[in-house]
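FYI, it's all coordinate maths here, none of it is from the lab. Since we're looking at a predicted model, the values are computed, not measured. Please note: Cβ atoms are built from the backbone with ideal geometry, for glycine as well, and neighbour counts cover all protein chains shown.
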Amino acid sequence: MDVRGGTLEKVVGMKKISIMIPCYNEAENAAPICRAIKKILTEELPEYDHEIVYIDNCSTDGTRDIIEGLCKEDKNVKAIFNIANFGQFNSPFYGICQCEGDCVIPVCCDFQDPPELIPTFVREWEKGHRIVSGIKASSKENGFIYFLRTMYYKTIRNMSDVKMIEHFTGFGLYDKSFVELLRQLDDPIPFMRGIVAEYGSGFNRIEIEYEQPKRRAGKTHNNFYSLYDAAMLSFTSYTKIGLRLAVFMGFITSMISIVVALVYLVFKLLHWNNFQAGYAPMIIGIFLLGGIQLFFIGFIGEYILNINTRVIHRPVVVEEKRINFE
């Protein structure tokens, strides 16, 4: 490198953009997303230094071999390989915390987070917004699934003390000052969407709307269990509604039971011979109360599971190895 004429000073003074790509069994997308991002960075943001950091959640389809090849081709491409699958929340959160740039932009490997928005995020960052959140104004995914997501976001937003961000998946830009806050949280089950909603106002957060495209290739890894897990994590971390509902429903059903018992007692004392309800009301009442009790025991169990996970305090992620990290 020619260091004369201030060239070295310019390189040293360049701001650095970190692109973090979480992946799990994305052999068809791992290389194309890297090429697409590098093209955008070199053509539209040449004045910035950059790094592309993959964090792989123990893929088994050859994704790791592809990432290793990308790292050999370009030292700006880095990789963290997890020793096991640590889930859809822990791995991306940990990946963000390992980036070294002045800002971090997490991008899904399947192209559902449009890489074309990266320059827009950076421009807003340069205006002073230390968090830029990508918001799905619409989506090309299944319409019914999108409707269910909308209902979920509205429900959790209305139930939580923290105003959750609707149709926000974590895609966006985070200034290094916010990333430093994430490192200090020491949360074994971090919920990035909730953290951004809770602290984002203090970082001059702005929202950028986009249409979510379809997955480029491969199959989604989201299923009923993963969606349920996300919903329960948000409910138990940011709302008291489950516990409060248990108390209110318990009180209401207790009052109803007392009223019904008094009515039956009065009828028996008055010897109403025509009153022959039989055992049907009792059986219905037992099943109703039993169902309500089982539902709320399960709901309270989710809160206990959340507490138990935090008390055990296992590492967010355990690494198997790193590539191209100095």
### Query
Among 314, 149, 130, which comes first, then next, by fewest other beta-carbon atoms within 10 Å?
314, 149, 130
### Query
In which sequence would 120, 239, 42 go, from the one with the fewest C-beta neighbours within 10 Å to the one with the most?
42, 120, 239
### Query
Residue by residue through segment 174-189, which ³J(HN,Hα) values in whole Hz follow from phi under the Karplus form 6.51 cos²θ - 1.76 cosθ + 1.60 (θ = phi - 60°), with glycine and proline marked x?
10, 5, 4, 5, 6, 4, 4, 4, 4, 5, 8, 5, 6, 9, x, 10
#### Entry: Under-5 Å amide H pairs with residue 59, H placed in peptide plane, nonlocal only
25
### Task
Let me know the shape class of segment 86-211, please: from the alpha-carbon gyration tensor, a ≥ b ≥ c as square roots of the eigenvalues, rounded when a/c is under 1.5, otherwise prolate if a/b is greater than b/c, or oblate.
rounded
### Summary
If each K or R counts +1 and each D or E counts -1, the residues other than residue 19 whose Cβ falls under 11 Å of its Cβ total +1
### Task
Work out from phi, with θ = phi - 60° and the Karplus expression 6.51 cos²θ - 1.76 cosθ + 1.60, the ³J(HN,Hα) of each residue of segment 67-79, listed in order in whole Hz, and give x for Gly and Pro.
5, 4, x, 5, 5, 5, 6, 9, 5, 7, 8, 10, 8
### Query
Considering only the other residues whose Cβ falls under 10 Å of the Cβ of residue 80, what net charge follows from Lys and Arg at +1 and Asp and Glu at -1?
0
